[in-house]
Every structure is written in structure tokens, then in C-alpha cells.
Amino acid sequence: FSSAVTAGRAQVHQEPSAETTEGIEISINCSHPNIQPYEYIFWYRQLPGRGPAFITFVQKGIKTLSDPPGRQSVAVDRRSSALWLARPRRGDAAVYYCAV
């Protein structure tokens, strides 16, 4: 996880780490209190030994991701967002980044 990333006036903060057990839901949180109404939140995942891979982008509200079906969703408001892993598997262990 990244601790702080600055992009223009927007600043993004994430906790340095989060842990769960396989099959136990986890929320990966990101705060971005200074984003503008027209800005989007982007989520990326970096598996060990690979570069970051795009997951999704959301402006506000809740978005359920189709791949893998029913296992990931993103909730966004103007101050924070969360990536939910409903049934994480060992293969989901990665570094997750949010960006504006």
C-alpha cells in the first residue's frame, strides 16, 4: 500500500498494510478529502513480481466488479473510498493502490 501520493491539489492516503484470512471479507480504505466533484478514483493492484494492473475507476457511489464475479466492489464518496474483497483468496495477496 502507498502511504501518500500527491497529484495536483488532491492528496490520497492509505493505511500501510491490511491483513485478512482467506475467505474473510476485507476493506482496503483510501482517504482523499480534497478531491474535486469531477475527479475520479482509480484502483490498481500489484501482484508480487509484476507491475501495477488497473482494477477500476469510480466517481461516486458503489460499483461491483465483474471479474472475479461477486468478489470485489468499490464504494466512493467525496472524502474516501474502499475496495471490498468479499471472499479473498491467497492469490489476492498484493499491493493495492488508489489514485485520483
Practice prompt. Send over a whole-number figure in Å² for the accessible area per residue of the chain, probe 1.4 Å.
Written response: 61
Worksheet item: Among Gln59, Cys98, Gln11, which residue has its Cα positioned farthest towards the positive end of the charge dipole of the chain, with +1 placed on the Cβ of Lys and Arg, -1 on the Cβ of Asp and Glu, and the dipole taken about the Cα centre?
Response: Gln59
Worksheet, complete the sentence: Scoring only Lys, Arg, Asp and Glu (+1, +1, -1, -1) among other residues with Cβ under 14 Å from the Cβ of Phe57 yields +2
Worksheet item: What number, in percent, do you get for the relative contact order of region 39-99 if the mean sequence gap of Cα pairs under 8 Å and at least 6 apart is divided by its residue count?
Response: 35
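For a quick protection proxy, order the peptides 24-31, 11-18 by their average other-Cβ count within 10 Å, most packed first.
On the way: 24-31: 15.8, 11-18: 14.2.
Listed from highest to lowest mean packing, they are 24-31, 11-18.
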Worksheet entry | Highest to lowest packing among 79-88, 32-41, 47-56, scored as the average C-beta count within 10 Å | 79-88, 32-41, 47-56
Practice prompt. Would you grab the residues whose amide H sits under 5 Å from the one on Thr56? Only those 5+ places off in sequence or on another chain, please, with H modelled 1.01 Å from N.
Written response: Trp43
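The values are calculated or read from the model by the stated rules, or taken from the named source; none is laboratory data. Treat the numbers as computed from the prediction; the structure is a model and nothing was measured. Note that each Cβ is placed from the backbone with ideal geometry, even for glycine, and that neighbours are counted across all protein chains shown. In case anyone asks, the SASA skips ligands and DNA or RNA and just uses the protein heavy atoms, side chains included. Shrake-Rupley method; radii C 1.70, N 1.55, O 1.52, S 1.80 Å.
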